[in-house]
1. What strands (runs of 3 or more DSSP E) completely inside segment 1-100 contain at least 1 residues that are over 23 Å from F212 (Cα atoms)?
2. Need the failing condition index for T242 against (1) at pLDDT 90 or above; (2) surrounded by fewer than 14 Cβ atoms within 10 Å (Cβ to Cβ), just the number.
3. Just one of A74, A41 is out of contact with any Lys or Arg (no Cβ under 8 Å at 6 or more places or on another chain) and buried (at least 23 other Cβ atoms within 10 Å of the Cβ); which is it?
4. Do we have K114 as touching a residue at least 60 places away in the same chain (Cβ under 8 Å), of a type in the set (K, R) and surrounded by fewer than 18 Cβ atoms within 10 Å (Cβ to Cβ) here?
5. Give the residue that is farthest from the chain's Cα centre (by Cα), with candidates limited to residues of segment 6-38 that are free of Cβ contacts under 8 Å to residues at least 60 places away in the same chain and within 16 Å of ligand 2 (Cβ to nearest atom).
6. Assess whether L60 counts as being without any contact (Cβ under 8 Å) to a residue 60 or more places away in the chain, surrounded by fewer than 20 Cβ atoms within 10 Å (Cβ to Cβ) and within 16 Å of ligand 2 (Cβ to nearest atom).
7. Which one is farthest from H220 (Cα to Cα) among residues in segment 1-45 that are touching a Ser or Thr at 6+ places or on another chain (Cβ under 6 Å) and of a type in the set (S, T, N, Q)?
8. If you go through segment 84-100, how many residues are within 16 Å of ligand 2 (Cβ to nearest atom) and not acidic (D, E)?
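The values are calculated or read from the model by the stated rules, or taken from the named source; none is laboratory data. Keep in mind that what you see is a predicted model, and the values were worked out from it rather than measured. Quick reminder, even Gly has a Cβ in these numbers, built from the backbone with ideal geometry, and neighbours come from all protein chains shown.
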Amino acid sequence: MLEVSIISAGYSLNKSDPGKGEISSILNNINLTVKPGEILALVGESGSGKSTLGLAIVGLVPYLHGTMKFNGEAFSPFDMGDIRSKIQFIFQDPYSSLNPRMTIGQCIREVLVKSFNGSVLESEIVEVLSQVELGVDVMAKYPHELSGGQCQRANIGRALAMNPDILICDEIVSALDVSVQAKILNVLDNLKKVRNLGILFTTHDLHVVKSFADEMIILHQGKIVERGYPEKIFAAQEHSYTAKLLQSAYGLAES
Ligand SMILES: Nc1ncnc2c1ncn2[C@@H]1O[C@H](COP(=O)(O)OP(=O)(O)OP(=O)(O)O)[C@@H](O)[C@H]1O
Ligand SMILES: [Mg+2]
């Protein structure tokens, strides 16, 4: 279980000397929990702070006030130690996250060797690939030889090879067409059930969230404005911003 409590997080406004000067506070008073076997969707328009939130959890946002706990134990995102492998971040652009000079098989082997500290059988690589519904043929291919959807599944496979408990997925299906999106969502839904993974799933697309997420959070200008079960929020919105988001996605009447 991942418990996030951010009082504030942001970036330096001083480009010439980032260590000094004013800080832009992007996130304020964020509290959320990613539970095992659950998908928590983080929804908000562009610039609302979704990526910043995911990145803050893994120490990639420079200014952070708050506390993070993994399975009840506090950790610093800037010095995660053993927890680093347990919380895996998957980026939107699948091609930029894989080494272009390594085949998918080599990429996954490298991670397996590190995480299990020993030699790796080919059958173990095949097993990782099968969890993301990729066949043996993909092993000898380079990232540029895969489709966007295949490449994103290879990325998920690479993250799984670290044996994580939590996946942070930042807009990972946004660049893909609808049928490929469905395949990846299906893979994640299956992983959540089979491996009891907790997934923080960031998206600006409400259509994706409706049937897929167990809970959802609406982020607006770096603050949480609404949270709850998707079926409840889709039926009735407490915050006018959520109503506006739904209206623009579905043409629903504002409440
Ligand atoms: N490296 C950075 N340095 C300074 N400001 C940044 C940096 N990255 C993001 N920001 C600012 O933080 C705010 C939130 O950005 P963020 O990328 O978290 O939004 P987002 O919700 O992920 O948007 P999108 O849906 O477009 O990906 C924006 O105002 C953005 O300009
Ligand atoms: Mg983003």
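1. In segment 1-100, 2-12, 23-34, 63-70, 73-75 are the strands (runs of 3 or more DSSP E) which contain 1 or more residues that are over 23 Å from F212 (Cα atoms).
2. It is condition (2) that T242 fails.
3. From the options A74, A41, the qualifying one is A41.
4. When the stated conditions are applied, K114 does not pass them.
5. Looking at the filtered set, the residue picked out is S24.
6. Here the answer is yes, as L60 does meet what is asked.
7. Ranking the candidates gives S5 first.
8. Qualifying residue count, segment 84-100: 7.
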